[in-house]
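Heads up: the structure comes next, in structure tokens.
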Amino acid sequence: DAKTTQPPSMDCAEGRAANLPCNHSTISGNEYVYWYRQIHSQGPQYIIHGLKNNETNEMASLIITEDRKSSTLILPHATLRDTAVYYCIVSRNTGNQFYFGTGTSLTVIP
Amino acid sequence: NAGVTQTPKFQVLKTGQSMTLQCAQDMNHEYMSWYRQDPGMGLRLIHYSVGAGITDQGEVPNGYNVSRSTTEDFPLRLLSAAPSQTSVYFCASRTGAYQETQYFGPGTRLLVL
């Protein structure tokens, strides 16, 4: 599975959009981009995933560049409860191995 | 549904002791896995199972044993605990083949002295 690169930490003002970048320059054609988050030592929680097209759900939006070498997770209106570590993971959809990396620690500031 | 449950929540062991971390799910998921998370690190896969009677090694399997006799349960055994195994352990399950359906338990904090 391809590895990802994320900034170690970011801040975002409450109510503003949080844009979390991820580089995955060695991604293969059959690999998806997944985003999970971990709030204060709880178990990770699935947010969103995509292959080529941009995706949106009730939690977030995922923007994947045309060459698929990078992506951005967007939390449209960040709240204090969005303070967490966000993991960008690249993996085959049906693979058994899932590599979390160190993620981005997002702090939402009042 | 209770989801994925883990026991105990916290455990202290002495070097050389053995113990079993319990994981259970009531969602009839075929796929279950164990991860460990060290301070400041992401999760690393220890072992996984794609169904009852079938297990395989992940990224960091040394020092751990697993078995899967039922769909519901996937215990993780430490045969001879070492300080390097001090970590937070997470169990996860998913409905089948797809990664996005992975659900995680609350974790077990293990301290080996």
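Just a few scattered comments:
- Region B:16-45, residues that are within 11 Å of chain A (Cβ to nearest Cβ), of a type in the set (A, V, I, L, M, F, W, C) and touching an Asp or Glu at 6+ places or on another chain (Cβ under 6 Å): B:LEU45
- Residue, nearest to A:CYS22 (Cα to Cα), within region A:90-110, restricted to residues that are facing chain B (nearest Cβ under 10 Å) and in contact with a Leu (Cβ under 7 Å, 6 or more places away or on another chain): A:PHE100
- None of B:SER49, B:SER93 is crowded, with 19+ Cβ neighbours inside 10 Å, within 14 Å of another protein chain (Cβ to nearest Cβ) and either without any contact (Cβ under 8 Å) to a residue 40 or more places away in the chain or assigned to a loop (DSSP other than H, G, I, E, B) (or both) except B:SER49.
- Within region A:1-44, being within 14 Å of another protein chain (Cβ to nearest Cβ), surrounded by 15 or more Cβ atoms within 10 Å (Cβ to Cβ) and part of a strand (DSSP E or B) holds for A:CYS22, A:GLU31, A:TYR32, A:VAL33, A:TYR34, A:TRP35, A:TYR36, A:ARG37, A:GLN38.
- Tally of residues being touching a Phe, Trp or Tyr at 6+ places or on another chain (Cβ under 9 Å) and assigned to a loop (DSSP other than H, G, I, E, B) across region B:1-46: 5
- Some residue of region A:50-67 being part of a strand (DSSP E or B), in contact with an Asp or Glu (Cβ under 8 Å, 6 or more places away or on another chain), within 12 Å of another protein chain (Cβ to nearest Cβ) and at pLDDT below 95: no
- Subset tally (residues that are under 13 Å from the mean Cα position of the chain (by Cα) and assigned to a loop (DSSP other than H, G, I, E, B)) for region B:73-90: 2
The values are calculated or read from the model by the stated rules, or taken from the named source; none is laboratory data. Fair warning: this is a prediction, and the values are worked out from it, not measured in the lab. Backbone-built Cβ (ideal geometry, glycine too); neighbour counts: all protein chains shown.
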